[in-house]
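Every number in this text was worked out from the coordinates using simple rules, so none of it is lab data. Since we're looking at a predicted model, the values are computed, not measured. So basically every Cβ, Gly included, is an ideal-geometry build from the backbone, and we count neighbours across all protein chains shown.
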Amino acid sequence: MEKIIIGNLKMNLLSVVEREQYLKLLKKELAGKKIKNFPIVLCPPAIHLEAFSKLKRKNVFFGAQNVFWKRSGSFTGEISPSMIKNMGAQFVILGHSERRKYFGEKDEEINQKISSALRNGLIPIVCVGETALEKEKGQTFRIISAQLKKAMQRINRTKLNQIIIAYEPVWAVGSDIIPSANEIMQVKILIKKILVEIFEKKYANGARIIYGGSVNSKTAKETCLDSGMDGVLVGRESLIPFEFLKIGQIINS
Ligand code: 13P
């Protein structure tokens, strides 16, 4: 199966002008290179989703970076799954470490968001990962197990093939430090084991397990290919279409 590349553009592209410049570059790169048909997902700020989704390519999809679990109503400042879907999103990143850190998101909320995203036909990209301190204390497996088990509570097993789990060690995000391929592979095995425990092998095998944290064209091989991951979640490099697509090519070579 082709490996998926997902770009988390975070809180960037500050104006219509910046957005249009980005889309122009992206289109140029998509047209210029012989891009194989691997799945590409771009997750811009929600405010840009509609404009992004006008870019019609059969292997390019769009996603949001967060969503609330209610459908509509008095929830000032929130965005619902049906809203982002109507703006062209098919994916949504949930439980990113920056949301856990700066906005106090807890596993229980993340679980509600995953359920709601699935109910609305969106593919959740569920982020799990340990902090530097937790790693230092040897708690990596314990933390990831707890996050994953809570996130997956009451999720229908037939939906597993519509879920992506992203292993994003918090210390590797934005740092240019990456785990070894072996460390990533160990976490993949752990995630798989937990999913099999909860859902049975037949269903658990449907979930894609990807890696995120300082992925660039130099680290792509080690973090995705050598570690046997199903794809990557890219932060900074997704802001440079040329580099982003180069990563996609490397992991699909
Ligand atoms: P960087 O690729 O900038 O380290 O960010 C990773 C990330 O947080 C993707 O969600």
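On the stretch given as the stretch 28-51, residues that are within 21 Å of Gln249 (Cβ to Cβ) and not basic (Lys, Arg) total 12. Checked against (1) of a type in the set (A, V, I, L, M, F, W, C); (2) crowded, with 21+ Cβ neighbours inside 10 Å; (3) in a helix (DSSP H, G or I), Leu190 passes all but a single condition, namely (2).
Taken together, the residues in the stretch 182-236 that are within 24 Å of Gln65 (Cβ to Cβ) and touching a strand residue (DSSP E or B) at 6+ places or on another chain (Cβ under 7 Å) amount to 21.
If the condition is being touching an Asp or Glu at 6+ places or on another chain (Cβ under 8 Å), more than 26 Å from Ile40 (Cα to Cα) and surrounded by 18 or more Cβ atoms within 10 Å (Cβ to Cβ), then the stretch 119-142 contributes only Thr140.
Taking each residue of the stretch 68-85 that is closer than 21 Å to Glu108 by Cα and looking for partners that are among the β-branched types (Val, Ile, Thr) with beta-carbon atoms closer than 9 Å, six or more apart or interchain, yields Phe68/Ile79; Trp69/Ile114; Glu78/Val67; Ile79/Val67; Ser80/Val67; Pro81/Val67; Pro81/Val92.
Kindly establish whether Ile6 is in contact (Cβ under 8 Å) with a residue 24 or more places away in the chain and either at positive phi or out of contact with any helix residue (DSSP H, G or I) (no Cβ under 7 Å at 6 or more places or on another chain) (or both). Yes; evaluated as a whole, the condition is true for this residue. Give the residues of the stretch 213-236 that are free of Cβ contacts under 8 Å to residues at least 40 places away in the same chain, hydrophobic (A, V, I, L, M, F, W, C) and part of a loop (DSSP other than H, G, I, E, B), sorted by residue number. Within the stretch 213-236, just Val215 meets the criteria. Would you confirm, using the coordinates I've provided, whether Ser253 is more than 15 Å from the ligand (Cβ to nearest atom), assigned to a loop (DSSP other than H, G, I, E, B) and of a type in the set (Ser, Thr, Tyr)? Criteria met by Ser253. Within the stretch 122-180, the set of residues being under 13 Å from Leu195 (Cβ atoms), aliphatic (A, V, I, L, M) and not in a loop (DSSP other than H, G, I, E, B) comprises Val126, Val128, Ile144, Leu148, Ala151, Leu160, Ile164, Ile165.
Taken together, Val41, Val60 contain a single residue that is more than 23 Å from Arg99 (Cα to Cα), out of contact with any Ser or Thr (no Cβ under 9 Å at 6 or more places or on another chain) and among the β-branched types (Val, Ile, Thr), which is Val60. Identify all residues within the stretch 184-239 that are closer than 17 Å to Met152 by Cα and within 16 Å of the ligand (Cβ to nearest atom); write none if there are none. Scanning the stretch 184-239 gives Val187, Arg208, Ile209, Ile210.
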